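The values are calculated or read from the model by the stated rules, or taken from the named source; none is laboratory data. None of these values were measured; they are calculated from a predicted model. So basically every Cβ, Gly included, is an ideal-geometry build from the backbone, and we count neighbours across all protein chains shown.
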Amino acid sequence: MVTVVLPWRPQPSRLEAFEAVSAWYREALPDAEVVTVDSDDDVFNLARCRNLGIRRIDDPSEVVVIGDADTVPQRAALVEAIDAARDSDLVHLPYTRYHWLGREGTASYLAGVAPEECAYELVRGACSGVYVTTPRTWWKHGGQDERFRGWGFEDAAWYVAHETLLGEPPRRHEGIVFALHHETQLREGPQYDANAALMQRYRDASVDRDAMERFVFGDDSAARNDVTAS
């Protein structure tokens, strides 16, 4: 069984992308359950939605695909990542290249052009878009920090925690993900500054595993022991 989790709060500029991504998953993974997840936060909290999607899974070894509602992977890389994640202690990313299609590329994709043939901008260092994991692996490195609100940094912080606590970066599979265009969120202001400051605390804690354990888990000794035993 595979569950596809799409964090989603309706916004007019994102509807076309969301509908296209949802349809893609239902066609590419016909046996998977595709669900949307939102939280009760006033400001959309992507990190919390991802965690809520994992929490709804009872089996700690079930494979979960956490996909952004504007991002389409290539099927072969996704299937490879799903197969690998079943017995893995790492989160898997089904891509080595992240193509942002922009207005032109997105219009072409929505008109039926294959995503590989659409105009794009290469995003270097991307670590978001689509995650493939199990609840057991997700919680071993703390999931995602729900203090990140609005736009920014939750993916980078998660990557640093994963690499520090699990001893390796997420495992990548050769392929491309395609991010569709939508209106961007404000990347300034008090909440953005708070996110940036929290990200710096992750960088500071990445000096060693013990420091990251203390920062991520605090006094949650059971969770810390789970990581230490890995």
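Some notes on this structure:
- For Asp41, the conditions (1) under 29 Å from Asp87 (Cα atoms); (2) over 17 Å from the mean Cα position of the chain (by Cα) are fulfilled apart from (1).
- When each of Arg103, Arg124, Arg50, Arg26 is tested for being in a loop (DSSP other than H, G, I, E, B) and of a type in the set (Lys, Arg), the lone residue that passes is Arg124.
- Among residues of the range 139-161, those that are of a type in the set (Asp, Glu) and assigned to a loop (DSSP other than H, G, I, E, B), counted: 2
- Residue in the range 40-52 that is of a type in the set (Asp, Glu), touching a Lys or Arg at 6+ places or on another chain (Cβ under 6 Å), in contact (Cβ under 8 Å) with a residue 24 or more places away in the chain and surrounded by fewer than 17 Cβ atoms within 10 Å (Cβ to Cβ) present: no
- Exactly one residue out of Leu165, Leu122, Leu180 is in contact with a His (Cβ under 7 Å, 6 or more places away or on another chain), crowded, with 19+ Cβ neighbours inside 10 Å and modelled with pLDDT of 95 or more, and it is Leu165.
- With respect to the conditions (1) within 15 Å of the chain's Cα centre (by Cα); (2) farther than 18 Å from Glu174 by Cα, Val132 falls short on a single one, namely (2).
- Within the range 195-212, residues that are in a helix (DSSP H, G or I) have Cβ atoms under 8 Å from residues that are of a type in the set (S, T, N, Q) and at pLDDT 95 or above in these pairs: Ala205/Thr164; Arg209/Thr164; Met212/Thr164; Met212/Ser206, counting only partners at least 6 apart in sequence or on another chain.
- Single residue of Glu116, Glu121 found to be out of contact with any helix residue (DSSP H, G or I) (no Cβ under 9 Å at 6 or more places or on another chain) and closer than 25 Å to Ala77 by Cβ: Glu116
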